[in-house]
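S.K.: The structure under discussion is supplied below as structure tokens; questions concerning it will follow.
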Amino acid sequence: MEALRYLPYLSAEGWIITSSVSFKNIPNYPEDNAIAEELAARKHVITFDVETLASENKMPKCANVILLGAAAQYLKILSAEELREAVQRIFAPKGQEVVDMNLKAFDLGLATIPR
């Protein structure tokens, strides 16, 4: 649903890279098939089960960083290396172990979606 919320701001050539599993955090959440239909009507959409990927790699709290890595190759304003540097800076106050886990998550996302 979050992917759909910002569609008015997405260019016709923009990409949607999102989880294939809905995070239903409100009582009147749209039906999964309605979301899937809306996404299917878009030109550039990639969905994958990021939560399972994060869990299988023992980093369940890193799903968003995996998504960032997956989206990195489609962003025109920042390179993947600039994003990796930002991940490192953002998580640095939490210690090197957290930095390393999030860099691994970013790289996992980057490798998940072939261009």
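The values are calculated or read from the model by the stated rules, or taken from the named source; none is laboratory data. All figures in this text were calculated on a predicted structure; none of them were measured in a lab. No Cβ is skipped: glycine too gets one built from the backbone with ideal geometry, and neighbour counts run over all protein chains shown. Heads up: the accessible areas ignore ligands, DNA and RNA and are worked out on the full protein's heavy atoms, side chains in. Shrake-Rupley method; radii C 1.70, N 1.55, O 1.52, S 1.80 Å.
S.K.: When you scan the stretch 53-83, how many residues do you find that are assigned to a helix (DSSP H, G or I) and open to solvent by 60 Å² or more (accessible area, probe 1.4 Å)? Walk me through it before giving the result.
M.R.: Taking the stretch 53-83 and keeping what is assigned to a helix (DSSP H, G or I), we get 53-56, 60-72, 80-83.
Okay, now just the ones that are also open to solvent by 60 Å² or more (accessible area, probe 1.4 Å), so 55-56, 60-61, 64, 81-82.
Total meeting the criteria: 7.
S.K.: Please specify each residue of the stretch 70-102 satisfying the condition of being in contact with a helix residue (DSSP H, G or I) (Cβ under 7 Å, 6 or more places away or on another chain), more than 23 Å from S20 (Cβ to Cβ) and polar (S, T, N, Q).
M.R.: Passing the criteria: only Q88.
S.K.: Suppose we keep only residues that are in a helix (DSSP H, G or I) and among the charged types (D, E, K, R) within the stretch 103-115. Which one would you say is nearest to S19 (Cα to Cα)? Even if it seems obvious, please write down each step before you answer.
M.R.: Quick first cut of the stretch 103-115, residues in a helix (DSSP H, G or I) only: 103-112.
Going one step further and asking which of them are among the charged types (D, E, K, R), we end up with 104, 107.
Working: K104: 18, D107: 17 Å.
Across the stretch 103-115, the extreme among qualifying residues is D107.
S.K.: While we're on this one: Restricting to the stretch 47-87, name every residue that is polar (S, T, N, Q) and under 23 Å from A36 (Cβ atoms). Steps first, answer last, please.
M.R.: First, the residues of the stretch 47-87 that are polar (S, T, N, Q): 47, 52, 55, 57, 64, 73, 79.
Matches in the stretch 47-87: T47, T52, S55, N64.
S.K.: Can you name every residue in the stretch 33-52 that is open to solvent by 50 Å² or more (accessible area, probe 1.4 Å), in contact (Cβ under 8 Å) with a residue 12 or more places away in the chain and assigned to a helix (DSSP H, G or I)?
M.R.: Within the stretch 33-52, E38, E51, T52 qualify.
S.K.: Here's another thing I want to ask about it. Residues in the stretch 20-50 that are in contact with an Asp or Glu (Cβ under 8 Å, 6 or more places away or on another chain) and modelled with pLDDT of 85 or more: how many?
M.R.: Within the stretch 20-50, residues that are in contact with an Asp or Glu (Cβ under 8 Å, 6 or more places away or on another chain) and modelled with pLDDT of 85 or more number 2.
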